[in-house]
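The values are calculated or read from the model by the stated rules, or taken from the named source; none is laboratory data. Not measured: the values here are computed from a predicted model. In this analysis, Cβ positions are derived from the backbone assuming ideal geometry, glycine residues included, and neighbour counts consider all displayed protein chains. The accessibility values were calculated without ligands, DNA or RNA, using every heavy atom of the protein model including side chains. Shrake-Rupley method; radii C 1.70, N 1.55, O 1.52, S 1.80 Å.
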Amino acid sequence: MTKETTTLRGWKRLPDNRLGHTLFSLAMVARVPYFGTVLPTVVRLEPGLCEVRAPKWFGIHNHLGTFHAIAACNLAEVAMGMLSEATVPTTHRWIPKAMNVQYLTKAETGLRAVAQLPEVPDFDALTEGRDLVVPVSIYDASGQEVVHADITTWITPK
């Protein structure tokens, strides 16, 4: 039995180009419809790393015409969720537990969220529940970090 999730296997089966990324992202939104509010496109996915892009469109504007803070949180959760799906083996499960968010500056463009673990845990050694904090940096089109989120997930063996 493989410990690789169906999410990661699906990502690997598709071409690493715009079409493959779009197909994967549409399937993701079909499974988790709320993610669709930010029109996310997963552009990179591997254990311990996920990069997701979202355009600036009127559906995510706040009263200032910038990327809404909670829409940015949604984008952070997309990146964390896909990272978790690609990282946590089928022998374990995960669920978000907490989110600490810092809004660093106005987000006036489309955004790029990067969730990256400093180190992938040894899941074979994880025999009881533990917290895993997934840092997510969200950048604007110029590369400036506009939002930072630390999302705590609860990991347990099945």
### Query
Can you run phi through the Karplus equation (6.51, -1.76, 1.60; θ = phi - 60°) for segment 99-107 and list ³J(HN,Hα) in whole Hz, with x for Gly and Pro?
9, 10, 10, 10, 8, 8, 6, 4, 9
### Message
With just the Cα atoms defining each centre, how far is segment 76-137 from segment 58-72? Give it in Å.
### Response
23
#### Entry: Coil-residue GluC sites (Glu not before Pro) of segment 64-123, DSSP, other Cβ within 10 Å capped at 16
Glu108, Glu119
### Task
Enumerate the whole-percent occupancy of each 5 Å bin, from 0 to the last occupied one, for all C-alpha pair distances of the chain.
2, 10, 19, 22, 19, 15, 8, 4, 1, 0, 0
### Query
Out of Arg130, Arg53, Arg112, any idea which swings most in a Gaussian network model of the chain, alpha carbons joined below 10 Å?
Arg130
### Query
Rounded to a whole number, what % of the accessible area of segment 1-146 do carbon and sulfur atoms account for, probe 1.4 Å?
55
### Task
Quick one: which residues, 5+ away or cross-chain, put their amide H under 5 Å from the amide H of Lys97? H built at 1.01 Å from N.
Thr152, Thr153, Trp154
### Query
Based on Cα positions only, what radius of gyration and what Dmax would you give for segment 1-69, in angstroms?
14.0, 51
### Query
Hull surface divided by four, with the convex hull built on the Cα atoms of segment 85-158: how many nm²?
5.3
### Summary
Counting only residues 5 or more apart in sequence or on a different chain, those whose built amide H sits under 5 Å from that of Arg44 are Glu51
### Summary
Residue-ordered couplings for segment 123-131, obtained by feeding phi - 60° into the Karplus form 6.51 cos²θ - 1.76 cosθ + 1.60 and rounding to whole Hz (Gly and Pro as x), are 5, 4, 8, 8, 9, 9, x, 7, 7
### Task
Just the ratio, please: alpha-carbon radius of gyration of segment 78-119 over 2.2 N^0.38 Å, N its number of residues.
1.45
#### Entry: Net dipole in debye of segment 36-147 [+1 Lys, Arg Cβ; -1 Asp, Glu Cβ; about Cα centre; nearest 20]
420
### Query
For the chain, what is the calculated [θ] at 222 nm in deg cm²/dmol (nearest 500), taking -39500 (n - 2.57) for each run of four or more DSSP H residues and dividing by its residue count?
-8500 deg cm²/dmol
### Message
With every protein chain kept in place and ligands, DNA and RNA left out, what is the accessible area per residue of segment 1-42? Probe 1.4 Å, answer in Å².
### Response
66
## Note on the structure
Long-range amide H partners of Leu111, meaning residues 5 or more apart or on another chain whose placed amide H is closer than 5 Å, are Ala54, Lys56
### Task
Enter the accessible area per residue of segment 47-158 (Å², integer; probe 1.4 Å; all protein chains in place).
48
### Task
Throw me the Rg/Rh for segment 41-83, computed over C-alpha atoms with Kirkwood Rh, two decimals.
1.05
## Note on the structure
To the nearest 10 degrees, the tilt of helix 69-87 (Cα long axis) against the first principal axis of the alpha carbons of the chain is 20
